[in-house]
Each structure stands twice: as structure tokens, then as C-alpha cells.
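The values are calculated or read from the model by the stated rules, or taken from the named source; none is laboratory data. Everything numeric here is computed off the predicted structure, so don't read it as measured data. As a convention, Cβ positions derive from the backbone with ideal geometry for all residues, glycine included, and neighbour counts pool all protein chains shown. Ligands, DNA and RNA are stripped out before the accessible areas are found, and what is left, the full protein with its side chains, is counted by its heavy atoms. Shrake-Rupley method; radii C 1.70, N 1.55, O 1.52, S 1.80 Å.
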Amino acid sequence: FGIPTQTALLGTSTIEDTTFGAFGNDTIRLNTNYNGTGDTLSDLTFKDNADLVAVKLTNGATAVPLPISIILNNNPLLNAFTFENYNLISILVGTLPLVTNFRVNDNDLPSAELDAIIIALDNNGLTNGFLDYSNQTGGASPSIGVSGLAYNNLILKGWTVTGNVPI
């Protein structure tokens, strides 16, 4: 209910075992306007955050940010993850038991990372979600031999999936 706090996250940063409000259901909103100079994030970990339900990066950058890697580890209530139009090159997702909205479009994720996301979302068993991994700058596609079955399962479960079909 107060004014949101703002603190720059730089280099390697971890948000761990943190509750931001008395009511739970925490959402972390990250804003950036990287102009091509200075420091930026290189590694970001979200770990053991019992009340974290959503993470969203808003990128108003005038330049391509430096590459970043993300780890999602034991955030049991997380249901939405948006990290679009940045320079995300690696994401370790672990389990995503409640996630029904996962958007990592316009980044530079390799095929193996896309496969892991698709499999984790299929394993959560949820229906009618949204997954967007379109426009990876390196042109990566999921591998049909790795995540093809999980991809088809998501479609059958009513998911809207935007991005290259596994090849």
C-alpha cells in the first residue's frame, strides 16, 4: 500500500526466502532501460520464495542488454513468469507446478532450454495456459526428439503455444 521501493540489481543477484508483503501473493516487477553502457544483471536467481506468484521484466532498453542467466528454484506458488525482449541466454526452470503463463519471447535461448521449459510445463499437468518462446535471436527451436511429446501434450491440454514447433 506504500510507494514501491526501487533498488538496482546488478551482476549476480539472488532473491531468496523473501516475502515482500503481509498478504503473500508477491509479484516482482523489474524495469530496465539499459542504454549500452554501465553494469547490468548477469545472473538472477529466484529461490525458496514461498509467496512469489509472478515475475515480470519490463524492458524499455535503447540497447541490447548484456546476456543474462536465470534460475527458478523452489517458488511453489509461481504462476506467471514474463522475461521478454531482453538477452536471456540461459534459464534453469526446475519444477513449475502452478505456472500457466510463461513468456520468454525475444531472447536468445538455446534449444535445450526451450525443451526444458516445455517439459516442465507439461509435467505440471495444468490446462489452458500460455507459453511464448517466439523470436529467439539465435533462431533456436525445440527438439522434436526431446520435447515433441510434451509440446503436443500442451496443445491437447488447451495451451496457447507461440514459437517454433519442435523440429
If one compares the long axis through the Cα atoms of helix 111-123 with the longest principal axis of the Cα atoms of the chain, the angle in degrees, nearest 10, works out at 80
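Using a/c under 1.5 as the rounded threshold, could you call the chain rounded, prolate or oblate? The axes a ≥ b ≥ c are square roots of the C-alpha gyration tensor eigenvalues, and prolate needs a/b larger than b/c, oblate otherwise. Mind showing how you got there, number by number?
Values: a/c = 2.06, a/b = 1.25, b/c = 1.64.
It is oblate, given that a/c is not under 1.5 and a/b is not larger than b/c.
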Using a 1.4 Å probe on heavy atoms of the protein chains only, the accessible area for LEU92 in Å², nearest 10, reads 100
To the nearest 10 degrees, the tilt of helix 144-156 (Cα long axis) against the first principal axis of the alpha carbons of the chain is 90
Highest mean packing first, using Cβ neighbours within 10 angstrom, the peptides 141-151, 156-166, 113-123 sort as 113-123, 141-151, 156-166
Result for the chain: accessible area per residue, probe 1.4 angstrom, in square angstrom, of 52
Any residue on another chain or 5+ positions along whose placed amide H is under 5 Å from the amide H of THR95 is listed here as ASN74
The percentage of the accessible area of the stretch 52-166 (probe 1.4 Å, all protein chains present) made up of carbon and sulfur atoms, to the nearest whole number, is 56
Note on the stretch 1-117: contact order normalised by length, alpha-carbon pairs under 8 Å, 6 or more apart, percent, works out to 21
Expressed in angstrom and rounded, the centroid-to-centroid distance over alpha carbons for the stretch 29-102 and the stretch 105-144 is 14
